[in-house]
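The values are calculated or read from the model by the stated rules, or taken from the named source; none is laboratory data. Note that the structure is a prediction, hence the values are computed from the model and not measured. Cβ: placed from backbone, ideal geometry, glycine included. Neighbour counts: every protein chain shown.
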Amino acid sequence: MKSAAVIGRFSPSPTGDLHFGSLVCAVGSYLAAISGQWLIRIEDLDPPREVAGSADGILRDLHSLGLNSSIAILYQSNRTAAYEQAVDYLLTTGQAYYCGCSRKDLPESGIYPGTCRNGIGAGKKARSVRFLIKPQTCMFTDKVQGVIKETMSPDSGDFIIKRADGLHAYHLAVVVDDHFQGITQVVRGADLLDSTGNQICLQRALGYDTPEYMHLPLVLDSHGNKLSKRDRSDPVRQLAATECIGLALRVLGQIPPKGLALDKLWQWAEKHWDEQGIPRNAAIFPAKV
């Protein structure tokens with residue numbers, strides 16, 4: 001019986017098929033949580049970007065590869081009331097404010113200059129809700145990337161937590177749901193490393209604990225771009241399950257024996273999982289199986 005001390009998660013957005021870069025994160029997060037629980041959360045927050053049938057397809061692919069959630073799957077589309085409660089709390093406590101600015105009002109830097117911090121100007125009306133960035137230091141030890149220190153200040157830009165179209169933003173939803181599900185470690189791609197400071201600020205503002213973080217190396221194509229869901233040569237589509245998982249393990253610095261059946265491959269991976277072997281730098285695809 002597994003201990004519940006460690007609770008990790010994999011949280012894909014249903015915007016297309018499961019692709020190899022996401023699978024690497026799924027494998028890494030699963031093995032990092034092998035002593036406890038591993039949860040799947042579907043981040044269906046943004047209907048305009050979602051692809052019909054994507055969530056079911058991702059879950060089918062994960063199951064066929066031997067990856068299944070320890071508990072019932074959480075869908076963020078069912079969590080609107082919880083996000084709204086968090087927004088109300090932040091507004092009431094003066095840690096968020098209504099904003100009347102649109103994207104065209106931003107400077108060339110793209111960093112919001114705090115135009116509505118002290119009230120919405122004449123001729124504008126409330127469009128979104130922004131989180132108020134207060135001066136603070138966000139420092140954490142990432143289990144792959146090492147010590148990360150980010151100095152947060154008003155100059156770094158107050159970010160949106162509720163959009164003008166009424167949808168709740170990723171930063172808010174992920175923080176609220178990690179707390180709700182008791183997530184103790186967040187394992188994800190290094191492309192999300194820059195968002196961690198914002199999320200830690202939100203955790204502090206809402207009185208939540210901060211989980212451990214592990215940002216895994218990205219998988220890049222031969223041109224140095226992040227591997228796309230639309231890449232026709234993606235191994236999730238092209239390779240057998242054992243080859244696909246074996247390739248993901250190698251990207252993560254784990255070198256399994258060849259010729260193992262899928263169940264034996266997972267047994268090997270669970271027994272030999274070594275976080276010290278995970279490379280910090282991006283992996284170029286295709287790599288050899």
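Given the condition among the charged types (D, E, K, R) and assigned to a loop (DSSP other than H, G, I, E, B), answer yes or no: does some residue in the range 47-55 qualify? Yes - at least one qualifying residue is present in the range 47-55. The residues on offer are ALA269, ALA282, ALA261, and the sole one that is in contact with a Pro (Cβ under 8 Å, 6 or more places away or on another chain), over 16 Å from LEU31 (Cβ atoms) and aliphatic (A, V, I, L, M) is ALA282.
Taken together, ASP158, ASP177 contain a single residue that is at pLDDT 95 or above, assigned to a loop (DSSP other than H, G, I, E, B) and buried (at least 19 other Cβ atoms within 10 Å of the Cβ), which is ASP158. Of the residues GLY110, GLY119, which single one is over 26 Å from the mean Cα position of the chain (by Cα) and either outside any helix (DSSP H, G or I) or at positive phi (or both)? Just a single option satisfies the conditions, and that option is GLY119.
Given the structure, is ARG130 over 27 Å from ILE40 (Cα atoms), modelled with pLDDT of 95 or more and not assigned by TED's automatic domain parsing to the domain that holds GLN238? Taking the combined requirement at face value, the residue satisfies it.
Give the range 122-155 a look and list any residue that's within 27 Å of the chain's Cα centre (by Cα), assigned to a loop (DSSP other than H, G, I, E, B) and without any contact (Cβ under 8 Å) to a residue 24 or more places away in the chain, or say none. PRO135, SER153, listed by residue number. Selection of the range 62-76 for residues being more than 19 Å from the chain's Cα centre (by Cα) and surrounded by 20 or more Cβ atoms within 10 Å (Cβ to Cβ) yields only LEU65.
If I filter the range 139-159 for residues that are among the basic types (Lys, Arg) and either more than 20 Å from TYR112 (Cα to Cα) or touching a Pro at 6+ places or on another chain (Cβ under 6 Å) (or both), do I get at least one hit? There is at least one residue in the range 139-159 that is among the basic types (Lys, Arg) and either more than 20 Å from TYR112 (Cα to Cα) or touching a Pro at 6+ places or on another chain (Cβ under 6 Å) (or both).
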